[in-house]
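J.: One structure follows; several queries about it will come next.
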């Protein structure tokens, strides 16, 4: 992609779930600001995200977050070249808040509107801190709603090679965390507790799908954890929660790394990236680093702040869409089940 003659500033807006976020990104790689208003404490009361509450909170926070992002970047809306906004996938009510806000700004300031796929945003988060990263590369996307192995053939060009057949990996983390009494959000809590446990204490299953070597399944391991806990309780045995967390995490990590290495070899990819909320999991990072080092692959992953839902990644993805000529009209709508690569 040719470098623009002048700096291009993108205002990114993200509201797909329970974070209200805005960021200003310069030339697709430099983050001038990244403001996130999290609702985690609010949703902890309910053990997970309540869509209606999330939508209302976005409405309360979105103007304030955008103003803060502009101020932090020392720019105004007049300086912005385009507004990039997540329009799917996600919670429909939450998405609509961001989409409506972006449309209003673009209409008032006569700026181009660029709709961004949330998961493509997660992939693009890798460009922020890895300035030399360029397509093609293989990306493992692991989040609360998605588990995909994707070939990033070019900016904005994605080919899905493997996907989960049931639960996303982040969903499995949340359900197992709830089963062992850790609460919400499950991923970081399991990661922390697992450090105190023995990852070889319990043998949980590693699912293999006949005829689909690159696909994932996590419903079986979730059930296996629940059955193990119930079995211990029925026999009057003590459940060592740290061992359950560590053994579960190892089983999941083994599968993610094994399939990623399989695809990298099959498609002759020399660079591997991980993205999404679960990409901040320390065990996954360590296992992926070891596997990539052994196979001679380069590994990229974002800092934890760019793994969670944020607007910087939307600004980055939006920059490449904008440079490719993508423009959306006032009919842009929230698409809660938007597929990766879909336009």
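The values are calculated or read from the model by the stated rules, or taken from the named source; none is laboratory data. If you're wondering where the values come from, they're calculated on a predicted model, not measured in any experiment. When we count neighbours, we look across all protein chains shown, and the Cβ atoms used for this are built from the backbone with ideal geometry, even at glycine.
J.: Can you name every residue in segment 37-50 that is under 21 Å from residue 85 (Cα atoms) and either surrounded by fewer than 17 Cβ atoms within 10 Å (Cβ to Cβ) or not assigned by TED's automatic domain parsing to the domain that holds residue 83 (or both)?
T.: 38
J.: Now for a separate question. Testing residue 237 on (1) closer than 24 Å to residue 158 by Cα; (2) assigned to a loop (DSSP other than H, G, I, E, B), one condition comes back false. Which one is that?
T.: (1)
J.: Within segment 177-191, which residues are part of a helix (DSSP H, G or I) and more than 18 Å from residue 279 (Cα to Cα)?
T.: Filtering segment 177-191 for residues part of a helix (DSSP H, G or I) gives 177-179, 186-191.
Once the filter is applied, which keeps residues that are part of a helix (DSSP H, G or I) and more than 18 Å from residue 279 (Cα to Cα), segment 177-191 yields 178, 179.
J.: Assess whether residue 85 counts as being surrounded by 17 or more Cβ atoms within 10 Å (Cβ to Cβ) and in a helix (DSSP H, G or I).
T.: Working: surrounded by 17 or more Cβ atoms within 10 Å (Cβ to Cβ): yes; in a helix (DSSP H, G or I): no.
When the stated conditions are applied, residue 85 does not pass them.
J.: Among (1) surrounded by fewer than 21 Cβ atoms within 10 Å (Cβ to Cβ); (2) within 18 Å of the chain's Cα centre (by Cα); (3) assigned to a loop (DSSP other than H, G, I, E, B), which single condition is residue 309 missing?
T.: (1)
J.: Any chance you could count how many residues in segment 123-140 are in contact with a helix residue (DSSP H, G or I) (Cβ under 6 Å, 6 or more places away or on another chain) and closer than 20 Å to residue 214 by Cβ?
T.: Result for segment 123-140: 3.
Conditions (1) assigned by TED's automatic domain parsing to the domain that holds residue 275; (2) under 22 Å from residue 18 (Cα atoms); (3) crowded, with 17+ Cβ neighbours inside 10 Å, marked per residue:
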residue: 140; (1), (2), (3): yes, no, yes
residue: 144; (1), (2), (3): yes, yes, yes
residue: 152; (1), (2), (3): yes, no, yes
residue: 162; (1), (2), (3): yes, no, yes
residue: 169; (1), (2), (3): yes, yes, yes
residue: 178; (1), (2), (3): yes, yes, no
residue: 209; (1), (2), (3): yes, no, no
residue: 231; (1), (2), (3): yes, no, no
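J.: Scan (1) modelled with pLDDT under 95; (2) farther than 21 Å from residue 187 by Cβ; (3) crowded, with 16+ Cβ neighbours inside 10 Å for the single condition residue 279 breaks and write down its number.
T.: With (1) modelled with pLDDT under 95; (2) farther than 21 Å from residue 187 by Cβ; (3) crowded, with 16+ Cβ neighbours inside 10 Å applied to residue 279, the lone miss is (2).
J.: Turning to a different aspect of this structure: Exactly one condition in (1) in the same structural domain as residue 268 (by TED's automatic domain parsing); (2) in contact (Cβ under 8 Å) with a residue 40 or more places away in the chain; (3) under 27 Å from residue 30 (Cβ atoms) is false for residue 130; which is it?
T.: (1)
J.: For segment 321-336, does any single residue satisfy the condition of being in contact with a strand residue (DSSP E or B) (Cβ under 8 Å, 6 or more places away or on another chain) and closer than 22 Å to residue 213 by Cβ?
T.: no
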